Amino acid sequence: MRKLVLVIAMLTVCLTIASIAEAHPGRLDSNGGHNCSEKSKAKGLCSGYHYHHGDQANDQSSNPQPPKATPAPALTKVGVYLNNTKQNYTPGAYMKNGTTLVPMKAIFESLGATVSYESATKKVTAIKDNKKIIIGVGNKVAYVDTNGATSTITLNHPAEIYQGTTMVPLRFVSQALGANVTFDEAAFIVYIETK
């Protein structure tokens, strides 16, 4: 009888320990799953939303919840005047996080440059007179070759693609092509004058 009680006690302890080992310290949603903590992700214990349904604790579901998207920054439309003539570009200029971005190809061509885009490298090349300007999408540095002498222009915001168009900071137009650029903050209007 003593052996039977001892076996039952040991079996109870083993089953209790096994269920504790499968327990989860966090809260589970109504589906029996949850999103991993940043600490767990950093340690490589899990990578996102997962379920606790009796299998391994870090099994990934075939229907994971999508991660919450970061809201896109608000874009404020900005009007563009080139030599006192209103321009209608598609997409138009906009202000994003305090920086005015303009469509590079449209504005550079309006200022007499030829512009090309290399999709494999995501680089835009503009040529006007003796200047060759190269900027990569996502980069904050542009390269200007003038008669074989290369210089760089550092932008306050990287070039980006918006609605299929390369957008660059307004100040870059002045720095690259020497145009006079002003911005009327009250009216949200850009004035570009050729020298």
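The values are calculated or read from the model by the stated rules, or taken from the named source; none is laboratory data. Remember, it's a predicted structure, so these values are computed and weren't measured experimentally. Cβ sites come from the backbone with ideal geometry, for glycine too, and all protein chains shown count toward neighbours.
Has segment 177-191 got any residue that is touching a Phe, Trp or Tyr at 6+ places or on another chain (Cβ under 8 Å), surrounded by 18 or more Cβ atoms within 10 Å (Cβ to Cβ) and charged (D, E, K, R)? Checking segment 177-191: not a single residue is touching a Phe, Trp or Tyr at 6+ places or on another chain (Cβ under 8 Å), surrounded by 18 or more Cβ atoms within 10 Å (Cβ to Cβ) and charged (D, E, K, R).
In segment 173-195, what residues are free of Cβ contacts under 8 Å to residues at least 40 places away in the same chain, in contact with a strand residue (DSSP E or B) (Cβ under 8 Å, 6 or more places away or on another chain) and not charged (D, E, K, R)? 174, 175, 180, 181, 182, listed by residue number. Tell me which residues, restricted to segment 129-168, are within 15 Å of residue 99 (Cβ to Cβ), in contact (Cβ under 8 Å) with a residue 40 or more places away in the chain and assigned to a strand (DSSP E or B). Those that are within 15 Å of residue 99 (Cβ to Cβ), in contact (Cβ under 8 Å) with a residue 40 or more places away in the chain and assigned to a strand (DSSP E or B): 160, 162, 166, 167, 168. Just give me the residues in segment 169-190 being in contact with a Lys or Arg (Cβ under 8 Å, 6 or more places away or on another chain) and assigned to a helix (DSSP H, G or I), in sequence order. Hits for segment 169-190 are 176, 177. Do we have any residue at all in segment 153-166 that's farther than 25 Å from residue 195 by Cβ, modelled with pLDDT of 90 or more and among the aliphatic types (A, V, I, L, M)? The answer is yes; a qualifying residue exists.
Taking segment 81-102 as the range and being in a strand (DSSP E or B) and in contact (Cβ under 8 Å) with a residue 12 or more places away in the chain as the test, the residues that pass are 81, 82, 87, 93, 94, 95, 96, 99, 100, 101, 102. Among the residues of segment 91-102, those identified as surrounded by fewer than 19 Cβ atoms within 10 Å (Cβ to Cβ) and either closer than 12 Å to residue 183 by Cβ or not assigned by TED's automatic domain parsing to the domain that holds residue 177 (or both) are 98, 99. Within segment 120-150, the set of residues being of a type in the set (S, T, N, Q) and under 27 Å from residue 77 (Cα atoms) comprises 125, 139.
Determine whether residue 110 is at pLDDT below 95 and either of a type in the set (Asp, Glu) or within 13 Å of residue 173 (Cβ to Cβ) (or both).
yes
A residue that is under 28 Å from the mean Cα position of the chain (by Cα) and in contact (Cβ under 8 Å) with a residue 40 or more places away in the chain occurs somewhere in segment 114-123. Restricting segment 103-128 to residues that are touching a helix residue (DSSP H, G or I) at 6+ places or on another chain (Cβ under 8 Å) and part of a strand (DSSP E or B), the residue that is surrounded by the fewest Cβ atoms within 10 Å (Cβ to Cβ) is 117.
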